[in-house]
Structures are given as C-alpha cells and as structure tokens.
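Here is the structure we will look at.
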Amino acid sequence: MGKNLAYKILEDHLVSGSITPGNEITIRIDQTLTQDSTGTMVYLQLEAMDVEKIKTELSVAYIDHNTLQTGFENADDHEFIKSVAQRHGVLFSKPGNGICHQLQLENFGIPGKTLLGSDSHTPTGGGLGMIAIGAGGLDVAVAMAQGIYSLQVPQVINVRLIGKLKPWVSAKDVILYVLQKLTVKGGVGKIVEYTGDGVASLTVTDRATITNMGAELGATTSLFPSDDNTRTYLAAQGREKDYVPLAADTDAIYDEELLVDLASLEPLAAKPHSPDNVDTVKNIGPIKIDQVAIGSCTNSSYSDLMKVAAILKGRKVHEDVSLVISPGSSRILSKLAENGALAAMIDAGARIIENACGPCIGMGQSPKSGAVSLRTFNRNFKGRSGTADAQVYLVSPETAAISAVYGVLTDGRGSFALPETDPSEQFKFNDNYIVYPKGAGKAGTDVIMGPNIKPFPQNKPLSDTISGTVVLKAGNNITTDDIMPSDSRLLPYRSNVPYLSNYCFEGIDKEFPARCKEAGSGIIVGGENYGQGSSREHAALAPLYLGIRIVLAKSFARIHRSNLINSGIIPLVFSDPADYNEMALGHKLVIENALSQIKEPEISITDVVTGKKYKAKSGLSEIEIKMIVSGGKINQIKGL
C-alpha cells in the first residue's frame with residue numbers, strides 16, 4: 001500500500017508514536033511563525049519557560065495585525081516582541097513588510113518541512129508542500145523551546161482535482177466549492193491533500209489560497225505536492241535551491257475522496273455569515289454593494305492583484321462603492337509600483353492601504369451600517385468586519401474587482417479576457433524590513449515591556465472535586481470572535497488579559513463577565529463546533545481569568561480545544577447530545593473523584609440543582625491528561 005504525502009512528511013519528522021489515525025504522535029518542528037496579535041503572549045510564555053536558545057531551524061516574528069497605532073499599546077507590543085526575538089534568535093519582520101503567511105511563502109517556506117504558527121491560517125504553507133499547522137500560542141512557544149509538537153494523527157481526505165479552471169474562475173472558487181461540499185466541520189481531525197491532473201494547472205499562489213482557507217474546514221492542515229510549479233515559484237523568489245520534489249505514491253491510501261472537476265466550476269460566493277454558506281454568483285444575483293475589500297492572507301498575491309489591476313485599468317470604481325486594496329507584502333507592492341499596476345488601481349479610484357491584515361480582522365475599513373461588503377478574505381462571521389449588521393460575502397479577486405466597477409455583485413464571465421501572469425517573473429530580493437538577531441543571546445539582551453503588557457493567567461493543578469456554575473449556554477458554531485472579540489478597539493489589549501476579559505462574549509451575552517465573577521468558578525455549555533475560527537488563545541485565557549474550569553459542548557474545533565487544555569480548562573463532550581437541552585444558567589455541576597475520572601473515557605457529572613447525573617467524554621490523550629492534572633502546559637513543563 002502506498003503512502004499519501006501528508007503521512008510521508010509526518011513520518012520523516014516523527015519523534016514518538018506511530019502514524020495511525022487517532023494515535024498520539026510527537027513530531028519535530030522545523031519552523032515557527034508568530035504574528036503580533038498572538039505574539040506578545042507567545043513570547044511572554046517563552047520567557048516563562050526560561051529557555052536559553054530556541055530549537056527550531058527558523059523562527060520568525062511578524063508584525064501584521066496590530067499595525068494601526070492610535071496609542072502606545074501596539075507600538076509597545078512590537079518593541080517587546082522585537083526585544084525577545086533578539087534575545088532568543090528569532091527573525092523580526094517589521095510593520096509594513098506584509099502579512100505573515102504571504103511572507104513565509106515568499107521567503108522561508110520549504111517543501112517537506114514542518115511549520116507551526118500561532119495563526120489559524122498557517123496551513124497556507126501547504127501550497128508549497130509543507131505540513132503547516134495553526135496552533136495556539138503556547139504550543140508555538142513550546143515548539144520554539146523544545147523543537148517538538150504533539151498531535152493526534154489526522155485522517156487524510158484526498159481532494160482529487162481534474163481538468164482546468166475556465167476564465168474568471170479562480171482558486172478561491174475551488175476552496176469555496178470544497179467548503180460547500182464538506183462544511184466548516186468537515187475537516188475536523190483531518191488533513192486535506194490535493195492530488196490529480198488538475199493540480200498542474202494551479203500555481204503555488206493558487207494552491208496557497210486553497211490551503212489557506214482549509215482552515216475554514218476545521219482541518220489540521222491542507223497540502224499540495226511539490227512539483228515543477230513549485231520549482232518555478234521558488235526560482236522567481238530567488239530560492240530555487242530550496243526546491244524538493246514531493247508527491248504521494250501512485251497507490252496512496254486515503255480515508256475519504258472528493259472529486260472536483262475544475263472545468264465545471266463557476267464564480268462562487270460565501271453568503272453571510274459563514275464561509276460554507278456558498279452559492280454561485282449567478283444565483284445570488286446582482287445585489288447592490290457598498291464596499292469591496294481585496295487582500296488578506298488568502299488573496300493578496302502578485303498574480304491576484306495583477307488580475308485586479310487589469311480589470312480596473314481604464315475603468316472607474318462605481319460612485320456608490322468604496323474599494324480598498326491591501327497587497328500581501330512589500331515585495332509585491334514594490335513590483336506593482338514598478339510595472340504601473342498600482343497606478344491603474346489608484347486611477348480607477350481604489351484606496352491602497354498598508355501591507356497588513358487590516359480589514360480582515362476588523363482593524364480599520366469597517367463598512368457602513370447595514371452595508372453589503374464583498375471581501376476576498378477567508379471569514380465572514382457576523383460582526384468580524386467591525387460592523388455588527390454588515391452583510392459580508394466572500395469572493396475571488398476577479399469577482400470583487402468587476403463588481404466594484406459595476407456597483408453590483410457581478411459574474412465576470414464573458415465580459416473580457418484577463419491577462420495571464422507569468423509565474424516565472426522574477427522578484428527582487430529585499431530584506432530591509434527584516435531585523436536579524438545580533439547574536440548577543442539571552443544574557444546580553446534586555447526585554448522591553450510597556451505598561452499595557454500584563455502576565456498571562458495561569459491555572460492551578462486539578463483538584464479531586466471540581467464544581468462550577470453554568471454561566472453561559474451557547475449555540476452551534478460559536479467562533480473565537482464570539483468568545484473574545486477582535487477589532488481595532490480591543491486588539492491593542494491582546495497583551496492585557498485582565499482588561500480583555502471584560503469584553504468576553506460581549507456580542508452574545510454582555511453579562512457574562514459579571515456572572516463569572518459572581519460565580520467564582522464557572523462552566524460554559526456549548527453546541528456543535530465550539531470555538532471554530534481563529535487560533536487566538538485569548539479565547540481560552542480570558543475565560544480562564546474569569547474562573548472558567550470546564551467547557552461542556554457537543555463538539556469542539558481543534559485549535560480551541562487544544563488551547564483550553566493548554567490553559568488547564570477541561571473540554572468535555574456530551575455523551576448524549578440530548579443532555580444539552582437539560583442544561584440551564586445557574587445550575588451547579590460537580591465532578592467528584594476528578595483525578596481518577598479524568599483518566600477514563602467517560603466522566604460522570606452531577607447537577608446539584610436537579611440531582612441528575614450526566615456522562616461526558618473527555619477524549620484526552622496521555623499527554624493532555626498530564627496537562628489537565630498539572631493545570632495547563634506551562635505548569636506541566638515546570639513539573640508542578
């Protein structure tokens with residue numbers, strides 16, 4: 001039996017365990033990345049582990065989220081990250097250089113390597129044939145400190161691509177189609193591997209768009225083979241020496257298969273308020289639009305923006321539309337400026353903003369009240385844009401640009417031919433935005449901490465009796481945006497969990513923080529896919545600070561579940577989903593003999609109010625049990 005590519009790379013990095021779905025393994029991590037929204041906490045945790053030198057081949061700290069500096073807070077965080085990066089041998093990417101995933105692809109991604117990043121869209125690196133996994137900040141800190149990462153072996157889905165995309169249909173439409181078929185829960189506990197003759201028709205940046213939005217499937221990661229297109233991309237970036245050919249065996253075994261005929265696809269859009277709420281642009285119809293935003297780590301590549309420039313050249317953005325464009329990197333912006341594409345965008349009436357995440361995370365460019373906003377981003381959760389009642393649609397750059405011209409959602413097929421971008425076109429090497437470590441080491445470098453940076457909350461070792469009051473009953477598909485909102489108002493306080501905690505669940509229940517403080521020890525009850533979306537561990541740290549000890553849900557998103565365990569919060573799944581209906585605010589739940597029960601497949605929970613007993617599954621691995629018993633990963637590492 002042949003091997004799929006995912007398992008080949010995992011085997012090559014195996015430290016312990018065996019590659020069997022569901023088994024717990026530990027793998028070697030070659031590279032890490034952080035971004036500033038999660039990075040301050042990562043480096044506080046790295047400092048808390050008191051390591052002398054990082055164990056990875058390469059680690060990079062990017063500044064791309066909190067670049068709107070309306071006060072000292074963001075700038076102080078950046079200076080703190082820069083100082084810790086110097087202290088531990090981490091490269092520092094200055095604000096303005098671009099978005100972490102685009103930059104990692106351009107500068108550092110290597111086929112066959114492993115990458116762990118404190119951002120859920122780290123699987124972008126799978127476009128280069130990497131095992132690139134998004135994780136909570138503490139997991140990334142540990143990967144830097146120890147060079148390893150533990151996970152349960154995912155199943156592997158084969159998405160077999162045949163044919164070739166037609167004009168005005170793009171890679172974004174491919175992943176929207178996959179989301180339509182598999183849903184936002186379809187990839188949980190799985191790796192998505194792309195194969196088939198259709199792969200050869202997709203460039204590396206096309207592939208990166210697809211693997212980037214694999215995060216919306218809930219997948220551990222997604223990846224493509226490394227082939228001649230990979231070599232061409234790396235050569236264009238001046239890195240052909242990093243090329244390694246990689247592919248699955250011809251008789252590789254997969255757990256599931258989805259066939260996608262690229263030639264049959266048409267322009268698609270994800271309607272409000274979920275990335276899997278997908279329909280054709282034609283079916284949705286020419287709805288009036290108010291805003292178009294082009295960019296993000298999903299669709300800010302050179303080829304994407306050259307298509308946008310071609311559509312806008314000689315045309316005018318509709319008078320009722322605000323068009324904003326954010327290139328993915330300084331290298332891309334420079335090339336657009338050199339070849340005149342930037343002028344075409346500006347002349348058409350587009351607003352060009354900094355090479356950063358920007359509007360994708362609600363950091364500026366929020367649409368007007370009730371607006372329809374077309375975005376080439378990866379998420380359209382309610383309120384994520386910064387405007388609670390905005391209607392956000394996710395589309396390709398081509399659909400976004402032509403719609404900006406006409407003022408309505410537009411299917412561009414049949415309008416005019418789009419030029420092809422030569423993928424071998426060379427980029428100038430420029431590392432002027434990178435600060436390299438000077439080699440002074442830990443003893444020779446001071447850490448600079450501003451007044452807004454507070455210590456991260458830590459749990460206590462597990463006691464034998466756990467009790468708590470139900471302080472929130474949430475529905476299905478609760479996102480990390482729902483748990484810990486992330487916008488221009490709150491992002492500057494990512495390094496201040498005590499302050500942030502006052503806004504925990506504010507969009508769902510503004511009384512949640514006060515109720516937690518009154519209860520002292522709290523329990524959250526959730527529905528299906530609890531904690532989907534961003535990797536932000538603040539969605540675990542803020543509840544921890546507020547006294548949450550257990551989250552009892554129907555199912556969990558992968559990264560958030562890990563973040564809860566890292567914080568010592570116990571994630572439990574209803575053995576009988578119908579028991580969810582019995583839960584109510586104010587009920588007190590108790591787990592007796594927790595130290596022994598935590599090691600069992602099922603845990604018994606008693607409702608003190610009704611006297612009823614419930615069963616819940618922990619699904620904890622041996623490593624996870626040790627973390628829970630210790631009160632979290634940091635305590636476990638320190639031997640508490």
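Coordinate-derived values only; no laboratory data. Here the structure is a predicted model, which means the values were calculated and not measured. Virtual Cβ from ideal backbone geometry, glycine too; neighbours counted across all protein chains shown.
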Next on the checklist: At 222 nm, what value in deg cm²/dmol follows for the chain if DSSP H runs of at least 4 each add -39500 (n - 2.57) and the sum is divided by all its residues, to the nearest 500?
Outcome noted: -8000 deg cm²/dmol
Checklist entry - Which percent, nearest 5, of DSSP beta bridges in segment 486-640 are antiparallel? => result 45
Item to check | Distance (nanometres) between label positions extended 7 Å along Cα→Cβ at T26 and A75 | outcome: 4.4
Item to check | Cα centroid separation, segment 384-402 to segment 582-623 (Å) | outcome: 42
Checklist entry - Can you tell me the Rg and the Dmax, both Å, for the Cα atoms in the chain? => result 23.5, 72
Checklist outcome for this item: Binned at 10 Å from zero, the C-alpha pair distances of segment 466-634 give percents of 11, 43, 37, 9, 1
Checklist entry - Roughly speaking, what is the stretch gain from S575 to K510, that is 0.36 nm per residue apart minus the C-alpha to C-alpha distance, in nm to one decimal? => result 20.4 nm
Checklist entry - Tell me, what HN-Hα J-couplings in whole Hz come from the Karplus equation 6.51 cos²θ - 1.76 cosθ + 1.60 at θ = phi - 60° for each residue of segment 344-355, using x for Gly and Pro? => result 4, 5, 5, 4, 6, x, 7, 9, 9, 10, 4, 5
Checklist outcome for this item: If each K or R counts +1 and each D or E counts -1, the residues other than A219 whose Cβ falls under 9 Å of its Cβ total +1
Next on the checklist: Compute, for the chain, the length of the dipole vector about the Cα centre, with Cβ point charges of +1 (Lys, Arg) and -1 (Asp, Glu) only. Units Debye, rounded to 20.
Outcome noted: 700
Item to check | segment 58-128: mean projected area of Cα convex hull, nm² | outcome: 4.9
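Mind checking the full-extension length gain between I448 and A263? Use 0.36 nm per residue of separation minus the Cα-Cα distance, one decimal, nm.
Details: separation 185, 0.36 × 185 = 66.60 nm, distance 5.44 nm.
So the chain would gain 61.2 nm between I448 and A263.
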Checklist outcome for this item: Rounded to the nearest whole number, the per residue volume of the convex hull around the C-alpha atoms of segment 501-587 in Å³ is 91
Checklist entry - Pairs K454/K517; K55/K241; K313/K368: which are spaced more than 21 Å apart, C-alpha to C-alpha? => result K55/K241; K313/K368
Item to check | Zero-based 5 Å bins, Cα pair distances in segment 307-426, whole percents | outcome: 2, 11, 20, 24, 21, 14, 7, 2, 0
Next on the checklist: I'd like the FRET efficiency for A417 and E592, computed as 1/(1 + (r/R0)^6) with the beta carbon distance as r and R0 of 60 Å, rounded to 0.05.
Outcome noted: 0.25
Checklist entry - Relative to the present Cα-Cα distance, how much length would full extension add between Q155 and E240 at 0.36 nm per residue of separation? => result 27.4 nm
Checklist entry - Seen from all sides and averaged, what is the projected area of the convex hull of the Cα atoms in segment 374-459, in nm²? => result 13.1
Checklist entry - For segment 221-237, in order, what is each residue's ³J(HN,Hα) by Karplus, 6.51 cos²θ - 1.76 cosθ + 1.60 with θ = phi - 60°, in whole Hz (x at glycine and Pro)? => result 6, 9, 7, 10, x, 9, 9, 4, 5, 5, 4, 4, 5, 5, 5, 5, 8
Checklist entry - If you find the alpha carbon centre of segment 46-75 and of segment 239-259, how far apart are they in angstrom? => result 33
Item to check | Over segment 253-370, equivalent-ellipsoid semi-axes from the Cα gyration tensor in Å | outcome: 27, 20, 16
Checklist outcome for this item: Net charge (Lys, Arg +1; Asp, Glu -1) of residues whose beta-carbon lies under 15 Å from that of T209, T209 excluded, is -1
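DSSP beta bridges in the chain, what fraction antiparallel, as a percent rounded to 5? Intermediate values should be presented prior to the final figure.
Working: 30 of 89 bridges.
Bridges in the chain that DSSP calls antiparallel: roughly 35 percent.
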Next on the checklist: Around V447, under 11 Å between beta carbons, what's the net of Lys plus Arg minus Asp minus Glu among the other residues?
Outcome noted: 0
Checklist outcome for this item: From the Cα centre of segment 311-357 to that of segment 403-448, the distance in Å is 13
